[in-house]
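The values are calculated or read from the model by the stated rules, or taken from the named source; none is laboratory data. Remember, it's a predicted structure, so these values are computed and weren't measured experimentally. With ideal geometry, Cβ positions are generated from the backbone for all residues, glycine too; neighbour counts draw on all protein chains shown.
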Amino acid sequence: MKNFKKSVSLVVTILMSIALFAGCSSDGIAFYNAMKKSNKITTAETKSTISINVSATNLSPQEEQYMPLVLPMINGSKIYVTSKVKSNEAQTIAKMEGNISIQTADTNVPSMDAGMWVDVNMEGDKPLIKEVIKIPQEYNMFTNGKEYIVMDLQELSEETTDVEVDYSSVVDMSKEFQEKMLDFMDKYAYKFNPDVKIAKNGNEYIEQNGKNQYVTNYELKLNDKQLKDLIRYSSNNLLQDEEVLGFVLDYMKMILEVSGLPEEEMQASLKEMETELANYKTELPTMMENINKQLDKLNDVRMLGDKGINLKYSVNSEGYIIKESGTVQFVIDLPSITAMNKELVNEEMMASMPTGIYTIDLNFNSEINNINLPLEFNFPSLNNDNSIGYLELIQSMIPEVEELNGWVQYDDVWVYFDKGELKINEWIKGSDQKWYHIGEDGTMETNAWIYHSDKQWYYLGENGAMKENSWLKYSDGKWYYLGRNGAMAKGWIQTSGKWYYLYNNGAMAQNTRTPDGYTVLSDGSWNGK
């Protein structure tokens, strides 16, 4: 069921992103056709500039400690990306050469340059895919002084898998899927009709590579409300559309057909897919009700700043997109996000959570030149002195950690290794049969509430062990009960022969009347009335 939901989400995201630029307006369809034509370009050179600026207000004391260190490294910095691509019309043979340069405004942080080259040939029995990465000089220490990292797909496949893959079938499947996707998009572009449309914004001449090009400009604008309306419209239409669901099922079947599974396993998997689709349709009304409830809550959370989303595109007289630029202003309002899930958070947790309101301005500008013109590619000359293979690089790092297994103490914190791999953000069952949790920083958490993916709260004691079958008097002065499986209890519970009522945030009711009309004493126990 999870696989089907993930596939639906993927296709819905693609459809929403592409169909947003089409809708059913004449301007939208014209721009959509330019997008399709631009996808068939065989050679092109792109130059892009990206800048990010972050401002922060309403910071908590913890945030005030580290944000003054982080913001100067981000604000005023620029990212420059250049790339050249070349492919045949079938897009089975391709080359790419690119470079990324990050220039920071903070003089204490050095600028970085990295390069990449890709060579692809999917026409033989086995695909030939080689990637070469030129790493920034500052990181040569991790590659034994080598300048390049080489990733060869054929070498990786031989070393890491025993499964026989029919690559020619994979290529054929990819072509077939692309054709089906384009055909499906052509049909859906006319059905998708949100109250947001890309609009033509006049014509002009722009200079590019010393030439004046006559272009048609298009512009897409979204404010905060329009973005939320778009998300709601897309969710309520695409997630329930029979054609979308059928397309997802066809996509999953195509993947399965080239998986190399034995016939019996393949038939069992096909049957499982059809069952997943049936279950998805059965659960759809409840799922949509829950989605719309969350979207209702989202109305109180600001996602975009006053600048919103403003995207601009220029299409030349040949129908190709040759210029893109835009401004996107995101808002991350942590107090509003926390309030959106307030029923899951008690007062103490609320007090310790970050309170910052972050406004992120993203600006970008791209020019696409030399469309379908001859381009030269300069692949680096590689040898054993200046390059290292990806597998060799990984293997060179293994001896440093292969002896680490289980709990290891560093200073005052504990970390956990599993066959040399440092565990992060995971539950660990110790030899004492108790559960411990490793945080996002890789250290064992203590004296902390943990909200798990099962939508339950758990508490880790002073020694890190999850508390079970016990009362907890937390620092907010209130009592909580951790049940048999460690989950924070809610509602009525019976323990030691007495009944107690726990609110939705887990806190025990004391000396009051419960929501269902019963009286509890100062120790929280029910008085029988």
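Just so you know, in region 318-327 the residues that are surrounded by fewer than 18 Cβ atoms within 10 Å (Cβ to Cβ) and within 17 Å of D27 (Cβ to Cβ) include one that is nearest to the chain's Cα centre (by Cα), and it is E324. For region 498-513, the candidate set comprises residues that are modelled with pLDDT of 90 or more, within 39 Å of the chain's Cα centre (by Cα) and crowded, with 17+ Cβ neighbours inside 10 Å; within that set, the residue that is nearest to Y436 (Cα to Cα) is G506. Scanning region 428-460 for residues that are touching a residue at least 24 places away in the same chain (Cβ under 8 Å) and among the basic types (K, R) turns up K434, K455.
When each of V345, V328 is tested for being of a type outside the set (D, E), modelled with pLDDT of 90 or more and more than 18 Å from G442 (Cβ to Cβ), the lone residue that passes is V328. Just one residue in the set S235, S269 is at pLDDT 75 or above and under 30 Å from G305 (Cβ atoms); that residue is S235. Scanning region 48-59 for residues that are surrounded by fewer than 16 Cβ atoms within 10 Å (Cβ to Cβ) and either farther than 17 Å from L362 by Cα or of a type in the set (F, W, Y) (or both) gives T57, N58.
Go through region 60-78 and give me each residue that's among the charged types (D, E, K, R) and over 21 Å from Q103 (Cβ atoms).
Scanning region 60-78 gives E63, E64.
The number of residues in region 495-514 being within 23 Å of K455 (Cα to Cα) and either in contact with a strand residue (DSSP E or B) (Cβ under 8 Å, 6 or more places away or on another chain) or of a type in the set (G, A, S) (or both) comes to 7. Within the bounds of region 125-138, is there any residue that is surrounded by fewer than 14 Cβ atoms within 10 Å (Cβ to Cβ), among the charged types (D, E, K, R) and not in a loop (DSSP other than H, G, I, E, B)? Within region 125-138, one or more residues are surrounded by fewer than 14 Cβ atoms within 10 Å (Cβ to Cβ), among the charged types (D, E, K, R) and not in a loop (DSSP other than H, G, I, E, B). Could you tell me which residue of region 265-324 is nearest to I357 (Cα to Cα), considering only residues that are among the basic types (K, R) and out of contact with any strand residue (DSSP E or B) (no Cβ under 8 Å at 6 or more places or on another chain)? So, considering only residues that are among the basic types (K, R) and out of contact with any strand residue (DSSP E or B) (no Cβ under 8 Å at 6 or more places or on another chain), the one nearest to I357 (Cα to Cα) is K297. Within the set of pairs 6 or more residues apart or between chains, which connect a residue that is not assigned by TED's automatic domain parsing to the domain that holds G464 inside region 393-421 to a residue that is exposed (fewer than 11 other Cβ atoms within 10 Å of the Cβ) and at pLDDT 75 or above with Cβ atoms less than 7 Å apart? Within 7 Å, the pairs are S396/N144. Those helices (runs of 4 or more DSSP H) of region 230-346 in which at least 3 residues are closer than 30 Å to G491 by Cβ, considering only elements entirely within it, cover 263-298, 334-340. One residue stands out among those in region 407-450 that are under 23 Å from the mean Cα position of the chain (by Cα) and of a type in the set (A, V, I, L, M, F, W, C): the one that is surrounded by the most Cβ atoms within 10 Å (Cβ to Cβ), which is I438. Output the number of the condition that V81 fails; it satisfies all remaining conditions of (1) part of a helix (DSSP H, G or I); (2) in contact with a strand residue (DSSP E or B) (Cβ under 9 Å, 6 or more places away or on another chain); (3) free of Cβ contacts under 8 Å to residues at least 60 places away in the same chain. Tallying (1) part of a helix (DSSP H, G or I); (2) in contact with a strand residue (DSSP E or B) (Cβ under 9 Å, 6 or more places away or on another chain); (3) free of Cβ contacts under 8 Å to residues at least 60 places away in the same chain, V81 fails exactly one: (1).
Residues of region 464-497 that are surrounded by fewer than 14 Cβ atoms within 10 Å (Cβ to Cβ) and either among the aliphatic types (A, V, I, L, M) or on the phi > 0 side of the Ramachandran plot (or both): N469, G477, G491, S496, G497.
Residue check, P61 against (1) over 30 Å from G356 (Cα atoms); (2) free of Cβ contacts under 8 Å to residues at least 24 places away in the same chain, all met but one. Which one? For P61, the failing item is (1). The condition (being of a type in the set (V, I, T) and either modelled with pLDDT under 85 or closer than 30 Å to I360 by Cβ (or both)) is satisfied by just one residue among V150, V132, V120, V85: V85. Only one of the numbered conditions (1) under 26 Å from Q240 (Cβ atoms); (2) at pLDDT 55 or above is not met by K2, and that is (2).
Residue pairs whose Cβ atoms lie under 6 Å apart, separated by 6 or more positions or on different chains, with the first residue in region 263-290 and free of Cβ contacts under 8 Å to residues at least 60 places away in the same chain and the second part of a helix (DSSP H, G or I), are S269/L256. When the residues of region 414-440 are filtered to those that are under 28 Å from Q395 (Cβ atoms) and among the acidic types (D, E), which remaining residue is modelled with the highest pLDDT? Of everything passing the filter in region 414-440, E426 is modelled with the highest pLDDT.
This table checks each residue for (1) over 42 Å from the mean Cα position of the chain (by Cα); (2) closer than 19 Å to N341 by Cα; (3) in a strand (DSSP E or B).
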| residue | (1), (2), (3) |
| --- | --- |
| K455 | no, yes, no |
| E462 | no, no, no |
| S475 | no, no, no |
| P515 | no, no, no |
| S522 | yes, no, no |
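Just to be sure before I move on: is D113 in contact (Cβ under 8 Å) with a residue 60 or more places away in the chain and assigned to a strand (DSSP E or B) in the structure I sent? Answer is no for this residue. Among the conditions (1) touching a Ser or Thr at 6+ places or on another chain (Cβ under 6 Å); (2) under 30 Å from Y320 (Cα atoms); (3) of a type in the set (V, I, T), V301 misses just one, which is (2).
Residues of region 173-222 that are within 27 Å of the chain's Cα centre (by Cα) and assigned to a loop (DSSP other than H, G, I, E, B): F192, N193, P194, D195, V196, K197, I198. Just give me the residues in region 373-389 being in a loop (DSSP other than H, G, I, E, B) and among the hydrophobic types (A, V, I, L, M, F, W, C), in sequence order. Hits for region 373-389 are L373, L375, F377, F379, L382.
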